[in-house]
Structure formats: structure tokens, C-alpha cells
Amino acid sequence: MSKYVDGFLLVVPKDKAEEYRKMAEMGRDSWMKHGALEYFECRGNDLKPQEMGEEKTRHFADVAGASGEEDVWFSFIVFKSKEHRDEVNSKVMAEMSESMKDFDEAKMPVDMKRMAYGGFQVEVEG
């Protein structure tokens, strides 16, 4: 069975990590309640470039534009299909817009303008 994944790359100030974790836990609860198969929020802890033969990989912090006072988070949500993702996300967004209607964006622990997002069709699974 083919799956679909929404992926996120975020930069979170180190002093806002706990606030972000709480926000992520609320997100997890909402996505899982509405049918996501799996939900992951991962803070980088070994992001050094690696040598692969004669080549060297890029540094995640450079790709994300993170400073030394910021952590890189890689997050992803797994769905049955793109259509399933669309169904689940519409329910989650409706729930979030209702619960966050009085939310002050200045209090966000992360700058959403620096977030990278994309939907990915799973091609190889193990």
C-alpha cells in the first residue's frame, strides 16, 4: 500500500524549544484524532555533514538558515494517500482556526515564514 507524507523543516530558537514541543504535541493530538497514521517531530542532534565517498553532504543548519542559537527540526506526518491527507488536513485546519482565532502570532515559538513544507508520495518503503 502506497503512503503519503507531509514534511516540514523548521528553525526553532533554542530558548523556545519547550514551547514548540507543547505546540507540536497539540498538533500531534489533532492530526492523530483526525486520522493521520503517524506523526513525528524531530529535533536535530547530529547534523554534521557526512562524507559519502569523495562527496560531502550539506549541513542541515545551512540548508535551513539556522544560527547557533537555533535548532533545526524535521517533522513529518504519514497518511494513507494524498486524498487521505487532504481529508485529514481540512479537519485539522478547521479545528485549529477555531481554537486559534484569538491567538497572538507574536507569541509563536517559531517563525512560520522560515518553515519549508511539502507533500511527498512514498516511493520506497521498508
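The values are calculated or read from the model by the stated rules, or taken from the named source; none is laboratory data. Keep in mind it's a predicted model, so treat the numbers as computed, not measured. Neighbour counts run over all protein chains shown; Cβ positions are idealised from the backbone, glycine included.
Of everything in the stretch 73-106, what is modelled with pLDDT of 90 or more, in a helix (DSSP H, G or I) and small (G, A, S)? Give them in sequence order.
Once the filter is applied, which keeps residues that are modelled with pLDDT of 90 or more, in a helix (DSSP H, G or I) and small (G, A, S), the stretch 73-106 yields S90, A94.
Here's a check for you: in the stretch 107-126, which residue that is closer than 20 Å to E19 by Cβ and either in a loop (DSSP other than H, G, I, E, B) or free of Cβ contacts under 8 Å to residues at least 60 places away in the same chain (or both) is nearest to the chain's Cα centre (by Cα)?
Filtering first and then ranking leaves M115.
Do we have any residue at all in the stretch 30-50 that's surrounded by 12 or more Cβ atoms within 10 Å (Cβ to Cβ), assigned to a helix (DSSP H, G or I) and in contact (Cβ under 8 Å) with a residue 40 or more places away in the chain?
Yes, that holds for at least one residue.
Sort out which residues of the stretch 28-67 are among the basic types (K, R) and farther than 30 Å from K80 by Cα, and write them in order of number.
Result: K48, K56, R58.
Inspect the stretch 70-82 for any residue being exposed (fewer than 13 other Cβ atoms within 10 Å of the Cβ) and not polar (S, T, N, Q) and give the result as yes or no.
no
Please state which one of F8, F79 is within 18 Å of G118 (Cα to Cα), of a type in the set (A, V, I, L, M, F, W, C) and touching a Leu at 6+ places or on another chain (Cβ under 7 Å).
F79
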